[in-house]
1. Quick check on segment 81-104: of everything there that is out of contact with any strand residue (DSSP E or B) (no Cβ under 6 Å at 6 or more places or on another chain), of a type in the set (Gly, Ala, Ser) and surrounded by 14 or more Cβ atoms within 10 Å (Cβ to Cβ), which residue is farthest from Phe67 (Cα to Cα)?
2. When segment 1-56 is examined, which residues are found to be in contact with a Phe, Trp or Tyr (Cβ under 9 Å, 6 or more places away or on another chain), closer than 19 Å to Val86 by Cβ and assigned to a loop (DSSP other than H, G, I, E, B)?
3. Within segment 57-88, count every residue that is part of a loop (DSSP other than H, G, I, E, B) and of a type outside the set (Phe, Trp, Tyr).
Amino acid sequence: MAVSVSFRTYLLEQMGQIRSVTSRPMFGGLCFFAEGRAFALVAGDVLYFKVDASNRGDFEAADMGPFLPFGDPDKPMQYYELPAEVLEEPDELAVWMAKAIAVAARAKVKAKPKAPSKAKTSAKPKAKGK
């Protein structure tokens, strides 16, 4: 699922016109972040945006499907392919990005907090030289 340097650069330029974004390699592809939230990923030079019930219909209406990293249609990730023409229209891209970032923000809030780590009790420290 390699991502070409030219496609990465293109995406950073297009999305960077809308708002500040960064990317980081993840699992052989790229993950894009805005406001500290993972809202998009790229695999094999295909861009996917994060979805939930609030925006999935937009992707389905455009006949875009989910990211299937394991090829199993019963186990899709909550990312759908972005229509290619959206990348060419900054106003439209801004709307799709805002929705995906909002989904990422809601997902982060829903994430379960980590269990507090148990404090280790230690025996009385040994005196030096003994």
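Read the figures in this text as sums done on the coordinates, not as results from a lab. Note that the coordinates shown come from a computational prediction; the quantities given were computed from them, not determined experimentally. So basically every Cβ, Gly included, is an ideal-geometry build from the backbone, and we count neighbours across all protein chains shown.
1. Ala94
2. Val21, Asp45, Val51, Asn55, listed by residue number.
3. We begin by selecting, within segment 57-88, every residue part of a loop (DSSP other than H, G, I, E, B); these are 62-65, 67-78, 82-83.
Now narrow it down to the ones that are of a type outside the set (Phe, Trp, Tyr): 62-65, 68-69, 71-78, 82-83.
Of the residues in segment 57-88, 16 are part of a loop (DSSP other than H, G, I, E, B) and of a type outside the set (Phe, Trp, Tyr).
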